[in-house]
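Trainee: Sharing a structure below in C-alpha cells format, with a few things to ask.
No lab work stands behind these numbers, since they all come straight from the coordinates. Remember, it's a predicted structure, so these values are computed and weren't measured experimentally. All Cβ positions, glycine included, derive from the backbone under ideal geometry; neighbour counts span all protein chains shown.
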Amino acid sequence: MSHYLSQTDNPVGSSVLLIDTHASIDAFLACADQRFRAAKNLLQCLSMMSVSSHDPHDLNAVCEASALLLQEACDVLGILTLPEESLH
C-alpha cells in the first residue's frame, strides 16, 4: 500500500489531499478530533440561525464545510481500521 492515501472527497479524481499512513495513532486521533469538533461547532451555529435572518448561501456554506470536515475525519479514522501490514 502507498505511504499516502487519497482522501475520499478529492475533486475530479485528483489526489490533492493525502493522508500519511505512517503517522502515529495519536496524530490520526488528534486530526479526526479537530475535524469532528469543527463540524460540530458549524452545525451548532446552524441550529441557532433564524430562518428569517440568514443569507441563503450561509446554509449551503455551513452544510458543505461540515460535510467536508466530517468526511476528512472519517477518512482519517478509516486508516486505523486497515490491516497493519498494509500501512508499512
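Trainee: Roughly what percent of Cα-Cα pairs across the chain reach past 16 Å?
Mentor: The calculated P(r) of the chain puts 59 percent of pairs beyond 16 Å.
Trainee: What is the sum of charges, Lys and Arg at +1 and Asp and Glu at -1, for the other residues whose Cβ falls under 10 Å from the Cβ of LEU5?
Mentor: -2
Trainee: Pairing the Cα long axis of helix 25-48 with the longest principal axis of the chain, what angle in degrees results, from 0 to 90 and rounded to the nearest 10?
Mentor: Compared with the principal axis, the helix lies near 10 degrees.
Trainee: I would also like to ask the following. As a check on your grasp of the helix formula, calculate [θ] at 222 nm for the chain: sum -39500 (n - 2.57) over DSSP H runs of n ≥ 4, divide by the residue count, round to the nearest 500.
Mentor: One gets -19000 deg cm²/dmol as the mean residue ellipticity at 222 nm.
Trainee: Helix 56-79: angle to the longest alpha-carbon principal axis of the chain, degrees 0 to 90, nearest 10?
Mentor: The angle comes out at about 20 degrees.
Trainee: Pulled fully out, how much extra length does the chain show between VAL12 and SER24, if you take 0.36 nm times their separation in residues and subtract their Cα-Cα distance?
Mentor: My answer for the length gained is 1.4 nm.
Trainee: Now for a different question. Rank LEU46, LEU18, ALA73 by how far each Cα sits towards the positive end of the charge dipole of the range 4-86 (+1 on Lys, Arg Cβ; -1 on Asp, Glu Cβ) and give me just the farthest.
Mentor: Selected residue: LEU46.
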